[in-house]
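Colleague: Just passing along the structure, written as structure tokens.
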Amino acid sequence: MRLVAIALALAAALQAHVGSPDVFYEGAAGPYRLLVTIRPPVIVPGVAEIEVRSAAPGVREMRFVPLPLTGAGAKFAPTPDTAQRSKDDPQFFTGSLWLMSVGEWQVRIHAEGDRGRGELSVPVPALPSRMQTMQTGVGALLFVLMLILAVGIVSIVGAGVREAQLDPGLPPSPSRIRRARVVMAMTAALVAAILFFGNKWWGSEASNYSRIVYKPMQVSATLEPGERLLLRMKDPGWLRRQMDDLLPDHTHLMHMYAIRLPEMERVWHLHPDRVESGVFAQDLPAMPAGRYQVFADIVHASGIPETLVTEVDLPEVAGKPLAGDDAAGVGPPLSKADPTRTVAPLAGGGRMIWERGSNPLRARQATEFRFRVEDRDGRPAAGMQLYMGMLGHAAFVKTDRTVFAHVHPSGSVPMAALSLTTTSSADPHAGHTMNTGLPAEVSFPYGLPQPGDYRIFVQIKRAGQVETGVFDAHVQ
């Protein structure tokens, strides 16, 4: 029971993206553009639910197959399962797959249609977030049935010893009755021993499983002399995870968001450098005094992404000018949040427009979040550039900070994990290898995981300057 309570207490923080377990990815399977949603199991082994929508008609069949992301198993695919095609929407396919072990998997999608065949692999972390619990009513019923079976076994054995060899109508002798009572006592002791050691075995299995229940990496933040923020990682002990096996994602080992509390009106997107194993440092820019929520994304060599979470109190920091990919943004305080607002001013002039449509946002529903950038005169903004290899980056943060997801135009999958897939030739940067002539718009496929209020930070790069649009959303 203690293990169950601990697992449930940690459940809110047991995803690579905090509170956002589902995987969203948009990419090309050969000639077909697909939007993929994968809902990993919360218990492993478990079933992952898969939804795929083709951007255009012509796909006749889809098949899904699970593979380990790395290692020898990634080279030998089992027989794929055929996806179910929707009767109402011929471009929508669904299916489910078993993920049998803890770690990073990939779901390979085979698409076949009028324009030939194509393949796409999507990384999926299989991280058990809790232990399965039994409903109280079911447990009580099974306990009563167990008692009935135990008493029944003892009674049957006693009756067999006492009466099995008697002629019909004859009463058992006192010696038979005594022998039956002795055998019943021995049987009761045996049944009790079986139940006792069975319970011990069950507890041992539960304890073993608790070791694989995902325990997020911990981090602490302290301000060092010279206005340098030091982040120290600590592994609470989970399987064979390491702290020094990180992969660069968009050329950085760590992407850190610092959000000022409680109004969440200021955000910094920074990239600390590793100074030693498990320790990162960031020379801070100018920041006002206050309490800050810190979210730091990393990706392990296995492909498993993690988001480290902590809070830190800072005095007023004079800081250094922002440089490289580091950026900052300003928006309205939460006390003035307006979920209907679709226009955000940009620091460099112009504005960002959220093309949100009229339909309400619903939890766990894949949505294309589209944003358009205009100049001061309302024309499509010129001078758009790639920001860390992408048209933009977005952070979706629930106002109670139980959800955080750093999302790209290709979805919520880290590029470092995507590069490990067996079909990684499906490059999310394809078509955007040049840093000129880019469209003045960006979109992010994502599904907000819980009902409630969210703040969305959207960052693009224009004329050498990273600009941030801040929006609010309410999810039903």
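The values are calculated or read from the model by the stated rules, or taken from the named source; none is laboratory data. Since the model is a prediction, treat every value here as computed from it, not as a measurement. Counting neighbours? That spans all protein chains shown, and the Cβs are built from the backbone with ideal geometry, glycine included. These accessible areas exclude ligands, DNA and RNA; they are computed on the full protein's heavy atoms, side chains included. Shrake-Rupley method; radii C 1.70, N 1.55, O 1.52, S 1.80 Å.
Colleague: Taking the criterion of being in a helix (DSSP H, G or I), under 30 Å from Pro68 (Cβ atoms), among the acidic types (Asp, Glu) and open to solvent by 30 Å² or more (accessible area, probe 1.4 Å), would at least one residue in segment 189-210 satisfy it?
Modeller: The answer is yes, given that some residue of segment 189-210 is in a helix (DSSP H, G or I), under 30 Å from Pro68 (Cβ atoms), among the acidic types (Asp, Glu) and open to solvent by 30 Å² or more (accessible area, probe 1.4 Å).
Colleague: Given (1) open to solvent by less than 10 Å² (accessible area, probe 1.4 Å); (2) within 26 Å of Gln465 (Cβ to Cβ); (3) not aliphatic (A, V, I, L, M), identify the lone condition not met by Asp326.
Modeller: The single condition Asp326 does not satisfy is (1).
Colleague: Please work out which residue is surrounded by the most Cβ atoms within 10 Å (Cβ to Cβ), limiting yourself to segment 168-188 and to residues that are part of a loop (DSSP other than H, G, I, E, B) and not hydrophobic (A, V, I, L, M, F, W, C).
Modeller: Among those that are part of a loop (DSSP other than H, G, I, E, B) and not hydrophobic (A, V, I, L, M, F, W, C), it is Pro172.
Colleague: Which of the residues spanning segment 366-398 are within 20 Å of the chain's Cα centre (by Cα) and crowded, with 16+ Cβ neighbours inside 10 Å? Give the steps one after another, and end with the answer.
Modeller: Step one: filter segment 366-398 for residues within 20 Å of the chain's Cα centre (by Cα), giving 366-369, 393-398.
Those that are within 20 Å of the chain's Cα centre (by Cα) and crowded, with 16+ Cβ neighbours inside 10 Å: Ala366, Thr367, Phe369, His393, Ala394, Ala395, Phe396, Val397, Lys398.
Colleague: If you don't mind, there's one more thing I want to ask. Among the candidates Gly348, Gly357, single out the residue that is at pLDDT below 95, open to solvent by 30 Å² or more (accessible area, probe 1.4 Å) and touching a Lys or Arg at 6+ places or on another chain (Cβ under 7 Å).
Modeller: The unique qualifying residue is Gly348.
Every residue, every condition in (1) farther than 30 Å from Glu316 by Cα; (2) in contact with a Gly (Cβ under 9 Å, 6 or more places away or on another chain), yes or no:
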site: Leu195; (1), (2): yes, no
site: Tyr214; (1), (2): yes, no
site: Gln218; (1), (2): no, no
site: Gly237; (1), (2): yes, no
site: Leu247; (1), (2): yes, yes
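Colleague: For segment 54-167, which fully contained strands (runs of 3 or more DSSP E) count at least 1 residues that are loosely packed, with under 12 Cβ neighbours inside 10 Å and touching a residue at least 60 places away in the same chain (Cβ under 8 Å)?
Modeller: 116-126
Colleague: Read through the list (1) assigned to a strand (DSSP E or B); (2) under 26 Å from Arg115 (Cβ atoms); (3) without any contact (Cβ under 8 Å) to a residue 60 or more places away in the chain, then give the number of the only condition that Ile38 fails.
Modeller: Status for Ile38: all satisfied but (3).
Colleague: Run Arg240 past the list (1) exposed (fewer than 15 other Cβ atoms within 10 Å of the Cβ); (2) part of a loop (DSSP other than H, G, I, E, B); (3) touching a residue at least 12 places away in the same chain (Cβ under 8 Å) and report the number of the one that doesn't hold.
Modeller: Checking Arg240 against (1) exposed (fewer than 15 other Cβ atoms within 10 Å of the Cβ); (2) part of a loop (DSSP other than H, G, I, E, B); (3) touching a residue at least 12 places away in the same chain (Cβ under 8 Å), the one that fails is (3).
Colleague: Under 6 Å between Cβ atoms, which residue pairs at least 6 apart in sequence (or on different chains) link something in segment 342-355 that is closer than 17 Å to Gly383 by Cα with a partner that is among the acidic types (Asp, Glu)?
Modeller: Leu346/Glu467; Ala347/Glu467; Gly348/Glu467; Gly350/Glu374; Gly350/Asp375; Arg351/Glu374
Colleague: Consider segment 263-272. How many of its residues are out of contact with any strand residue (DSSP E or B) (no Cβ under 7 Å at 6 or more places or on another chain) and assigned to a strand (DSSP E or B)?
Modeller: 0
Colleague: What number of residues within segment 245-270 satisfy the criterion of being open to solvent by 10 Å² or more (accessible area, probe 1.4 Å) and within 20 Å of Val299 (Cβ to Cβ)? Spell out how you get there, then give the answer.
Modeller: First, pick out the residues of segment 245-270 that are open to solvent by 10 Å² or more (accessible area, probe 1.4 Å): 245-253, 260-263, 265-266.
Restricting the remaining residues to those that are within 20 Å of Val299 (Cβ to Cβ) gives 245-253.
So the count comes out to 9.
Colleague: Here is a further query. Say whether the condition of being closer than 30 Å to Thr399 by Cα and modelled with pLDDT of 95 or more is met by at least one residue in segment 63-74.
Modeller: Within segment 63-74, none of the residues are closer than 30 Å to Thr399 by Cα and modelled with pLDDT of 95 or more.
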